[in-house]
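Have a look at the structure below, then the notes.
The values are calculated or read from the model by the stated rules, or taken from the named source; none is laboratory data. Computed from a predicted structure; not experimentally measured. Glycine also receives a Cβ, built like all others from the backbone with ideal geometry; neighbour counts cover every protein chain displayed. In case anyone asks, the SASA skips ligands and DNA or RNA and just uses the protein heavy atoms, side chains included. Shrake-Rupley method; radii C 1.70, N 1.55, O 1.52, S 1.80 Å.
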Amino acid sequence: MNNFIYEATTKVYFGKDEELKVGKILKEYAPKKVLIHYGGGSAVKSGLLDRVKGCLDAEGISYVCLGGVKPNPELSLVRKGIALCQEEGVDFVLAVGGGSVLDSSKDIANGVANPDIDVWEFSLKNAVPEKTLPKGCILTLAAAGSEMSNSCVITNTELGMKRGYGCSCNRMNFAIENPELTYTVSPYQTACGIVDIGMHTIERYFGLAEDNYLTDSIAEAVIRSSMKAGKGCMADPKDYASRANMMWASSLAHNDLTSCGRNHQMVVHQLEHEVSGMYPEVAHGAGLAALWCSWARYAYKANIMRWLQYANNVWNVPIDYDHPEQTIETAIDMQEDFYKSIGMPIRLTELGVKEEDLEKLAFDCSRGKTRTLLGYKTLGYDEILDIYKMALK
């Protein structure tokens with residue numbers, strides 16, 4: 001087990017009707033004015049936005065609203081939010097939505113608190129936020145795990161670049177998680193969430209470390225539970241138990257609990273960020289599903305024993321030590337079949353990715369052939385391009 005620092009500072013309010021406490025929760029921070037940040041029409045149509053406003057009105061809390069966050073949240077709206085906060089004297093950011101809204105809110109809070117630094121510099125990792133505005137969220141989608149993570153992913157549509165950065169300033173002060181608010185999430189977005197939740201833990205699971213069986217056991221449980229809960233959500237969108245377990249799995253998968261003692265890089269996430277950066281219409285979870293199995297088949301021989309453990313403990317495939325590769329390939333096939341069963345793509349062609357774009361994707365992912373993605377099998381430009389080609393077929 002490697003040395004590690006574990007930080008999970010977000011206070012979680014979990015369960016039915018917890019969003020109705022938001023006014024009283026915010027009162028503890030004594031905000032002068034709150035930015036309520038949200039996405040498209042779902043928060044409005046469902047009445048959630050009006051309920052939130054009513055809770056703030058009841059506590060005498062002033063607020064201003066900014067909607068319009070898209071999947072793969074855009075830098076242009078972040079800049080608009082920063083300007084609005086500066087004009088209105090906002091000192092607290094409240095996100096109402098899924099991971100895209102939460103990430104946009106994080107970037108806005110960082111931009112307002114560090115006015116002398118262009119906010120895109122954080123995404124490029126040329127600067128690190130030294131301070132931030134306090135912020136909280138009301139979660140409406142179990143997927144990205146941004147409610148408890150230290151990460152923030154933003155898309156610069158002008159440059160066709162999607163970049164993420166992690167720091168303590170990205171932690172939410174609180175997260176309100178009512179599983180009932182996810183009842184109306186579409187089957188496709190629910191499926192994307194299932195993939196993303198699982199992948200946050202799987203990517204950590206295949207990080208570098210040995211003799212880390214406690215963290216491994218937690219990770220395996222999160223992976224299995226997210227798939228079980230996900231299937232329940234797909235079968236019955238109003239199955240509270242399934243929605244609740246999926247929502248909690250989302251938080252645990254990306255608050256770094258499942259990486260304690262293990263060094264990791266989100267390799268498949270890095271591959272996918274280039275795809276949805278170039279093709280903004282691609283949902284993040286769908287992009288992950290289209291890439292993961294190709295990466296797995298490309299990389300597993302670098303650590304056969306690790307992959308045998310995954311095959312056995314996650315997919316319950318009996319280990320055939322005489323034919324270990326067959327055991328692993330069976331598990332990868334089972335994961336691929338699971339993705340197909342919930343309507344997720346398993347090839348980049350299903351997402352409209354063109355062969356002529358693969359070299360640019362690999363070039364950008366390798367940062368102009370200067371970056372190597374870490375793991376049991378390291379990936380430079382040539383290896384990244386090979387995986388994109390495998391995923392296209």
- Note on the structure: Computed ³J(HN,Hα) along the stretch 293-304: with the Karplus parameters 6.51/-1.76/1.60, θ = phi - 60°, integer Hz and x for glycine or proline, the list is 5, 5, 4, 4, 5, 6, 9, 5, 5, 6, 7, 4
- Gap separating the Cα centres of the stretch 140-187 and the stretch 196-274, nearest whole Å: 15
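Under Stokes-Einstein, with the Kirkwood radius over Cα pairs standing in for Rh, what whole-number D in µm²/s applies to the stretch 279-384 at 25 °C and 0.890 mPa s? Don't jump to the answer; show the numbers that get you there.
Details: Rh = 15.2 Å.
It diffuses with D of about 162 µm²/s by this estimate.
Could you tell me what percent of the DSSP beta bridges with both partners in the chain are antiparallel, to the nearest 5?
Looking only at bridges with both residues in the chain, the antiparallel portion is about 25 percent.
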- Note on the structure: Across T182, T190, T370, the residue with the highest GNM fluctuation in the chain (Cα network, 10 Å cutoff) is T370
- Task: Just check the chain against the gyration tensor rule for me: Cα atoms, a ≥ b ≥ c as the square roots of the eigenvalues, rounded for a/c under 1.5, and otherwise prolate or oblate depending on whether a/b exceeds b/c.
- Result: prolate
- Share of accessible surface on carbon and sulfur in the chain, whole %, 1.4 Å probe and ligands ignored, is 50
- Pick from K340, K354, K70: which residue has the top mean-square fluctuation in a GNM of the chain where Cα pairs under 10 Å get a spring? K354
- Query: Mind checking the angle between helix 240-253 and the chain's longest principal axis? C-alpha axes, 0 to 90 degrees, to the nearest 10.
  - Reply: 80
- Item | Theoretical FRET efficiency, 1/(1+(r/R0)^6), r = Cβ-Cβ of E59 and D118, R0 35 Å, to 0.05 | 0.50
- Task: Rank A290, A113, A219 by mean-square fluctuation in a GNM of the chain with C-alpha springs under 10 angstrom and give only the top-ranked residue.
- Result: A113
- Task: Which order do the peptides 372-379, 74-81, 131-138 take when ranked by the mean count of other beta-carbon atoms within 10 Å per residue, highest first?
- Result: 131-138, 74-81, 372-379
- Item | 1.4 Å probe accessible area per residue over the stretch 184-274, in Å² | 35
- Task: Please list the non-local residues whose amide H lies under 5 Å from the amide H of Y63, H modeled 1.01 Å from N, same-chain partners needing a gap of 5 or more.
- Result: V34
- Query: Quick one: accessible area per residue over the stretch 288-382, 1.4 Å probe, rounded to a whole number of Å²?
  - Reply: 48
- Taking a ≥ b ≥ c as the square roots of the eigenvalues of the Cα gyration tensor, with a/c under 1.5 meaning rounded and otherwise prolate when a/b exceeds b/c and oblate if not, the stretch 313-363 is oblate
- Find the centroid of the Cα atoms in the stretch 52-131 and in the stretch 358-373, then give the distance between the two in whole Å. 30
- Taking 0.36 nm per residue of separation and subtracting the Cα-Cα distance, what length does fully extending N126 through A221 add? 30.5 nm
- Message: Could you work out the relative contact order of the chain? I mean the mean sequence separation of Cα pairs under 8 Å and 6+ apart, divided by the number of residues, in percent.
- Response: 15
- To the nearest 10 degrees, how steep is helix 324-341 against the longest Cα principal axis of the chain, on a 0 to 90 scale? 40
- Message: Given points 7 Å out from each Cα along the Cα-Cβ axis, report the Q86 to R51 separation in nanometres with one decimal.
- Response: 3.6
- Query: With each run of n ≥ 4 DSSP H residues scored as -39500 (n - 2.57), what mean residue ellipticity at 222 nm is computed for the chain after dividing by its residue count and rounding to the nearest 500 deg cm²/dmol?
  - Reply: -15000 deg cm²/dmol
- Checked the stretch 199-299 with the C-alpha gyration tensor, a ≥ b ≥ c its square-rooted eigenvalues, rounded below a/c of 1.5, otherwise prolate if a/b is larger than b/c and oblate if not; verdict oblate
